[in-house]
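Laboratory data are not the source of any read-out in this text; all were calculated from the coordinates shown. None of the values given here were measured: they were computed from a predicted structure. Positions of Cβ are generated from backbone atoms using ideal geometry, with glycine treated the same way; all protein chains shown enter the neighbour counts.
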Amino acid sequence: MSEYTEKQGQYLAFIYSYTLINGRPPAEADMQRHFQVSPPTVHQMVLTLEERGFIAREPGKSRSIQVLLPPDQLPRLQELSPRGHDGGQAQIYQIKIMLEDSKPPIWRRILVPGNVTLGRLHDILQVAMGWTDSHLHQFIIEGAYYGEPHPDYGFEMRSETRARLDQIVPGEGFKFRYEYDFGDSWLHMLVVEKILPPEPKQQYPICVKGKRACPPEDVGGIWGYESFLQAIHDADHPEHADYLEWIGGEFDPEVFDLEEINTVLRGMGRGKR
């Protein structure tokens with residue numbers, strides 16, 4: 001079997017990683033989104049890989065590509081910068097984050113490159129919402145769980161650092177959940193509203209809009225937060241003084257500082273996740 005080129009190796013690594021993460025092989029459209037190339041380019045690459053004996057597939061059946069090389073002979077899938085393979089730029093995903101059951105709604109709208117890992121997306125969500133990353137978390141995507149695997153979990157947790165946003169999102173309108181703090185169980189619904197070309201000279205990620213403050217950590221989940229707000233706004237409430245002391249004297253649930261969020265996001269850099 002002949003050696004593969006660098007570009008062919010990246011396609012093989014993507015097919016292998018996508019299959020491992022999602023439990024099924026990628027479609028050509030998934031490769032097109034990942035590498036930011038045209039459908040004919042992807043199709044020609046598939047034909048070349050098949051002709052050279054690197055992959056096999058069932059004629060007429062979608063998502064049937066199998067890598068024939070052992071994993072230890074595959075290259076590491078490169079983490080893309082905001083520029084993708086072939087000089088193309090990664091598409092930008094506009095995502096609305098909604099804290100479930102919050103009334104009035106607590107939400108954010110962010111723009112992130114499609115090539116970020118879920119681990120990196122976790123970091124971005126923490127900053128955008130206002131959490132302090134003091135608890136465990138997980139993504140729940142079509143029945144699968146992504147996070148930081150641990151042997152004590154009683155279920156399969158797939159690694160969030162090996163799954164990329166553009167690998168798990170099939171297109172606009174896709175919804176998935178992010179849970180933060182398994183005790184308080186802050187559930188966030190994430191909706192991919194748009195997939196856009198990047199704006200010249202715009203740095204990503206960026207938060208473009210939002211409403212209302214993030215609840216305090218360890219307040220007891222969404223229902224505890226409602227009780228907390230009732231107490232601090234009612235001087236006659238039996239827990240009024242205790243809650244005010246606990247929160248540091250004051251708390252405004254309507255405060256949302258977009259500039260502060262983006263200052264932190266700009267200072268994050270690319271990181272290693």
When the chain is treated as a GNM, springs tying every alpha-carbon pair under 10 Å, which of GLY60, GLY183, GLY130 comes out with the largest mean-square fluctuation? GLY60
Phi angles of the stretch 165-170, converted by Karplus (6.51 cos²θ - 1.76 cosθ + 1.60, θ = phi - 60°) into ³J(HN,Hα) in whole Hz with x for Gly and Pro, give 4, 6, 8, 9, 9, x
Spin-label zone in the stretch 199-228 - amide nitrogen under 18 Å from a point set 7 Å from the Cα of ASP242 along the C-beta vector: 216-221, 223-228
When the helices in the chain are scored as -39500 (n - 2.57) per DSSP H run of 4 or longer and the sum is shared across all residues, what 222 nm value do you end up with, to the nearest 500 deg cm²/dmol? -9500 deg cm²/dmol
Built amide H within the under 5 Å cut-off of SER64, gap 5+: GLU58
Alpha-carbon centroid distance for the pair the stretch 194-253 / the stretch 128-163, whole angstrom: 22 Å
What per residue convex hull volume, in Å³, comes out for the chain when only alpha-carbon positions are used? 143 Å³
Applied in sequence order to the stretch 58-65, the curve 6.51 cos²θ - 1.76 cosθ + 1.60 (Karplus, θ = phi - 60°) yields integer Hz couplings, x standing for Gly and Pro, of 8, x, x, 10, 6, 6, 10, 5
Hey, fewest Cβ within 10 Å first, where do MET45, MET157 land in order? MET157, MET45
Difference of contour (0.36 nm per residue) and Cα-Cα distance, HIS233 to ALA56: 57.2 nm
Hey, what did the chain get for relative contact order, percent, Cα under 8 Å, at least 6 apart? 18 percent
Counting other Cβ atoms within 10 Å of each Cβ, which GluC sites (Glu not before Pro) in the stretch 144-204 have at most 11 and sit in a DSSP loop? GLU156
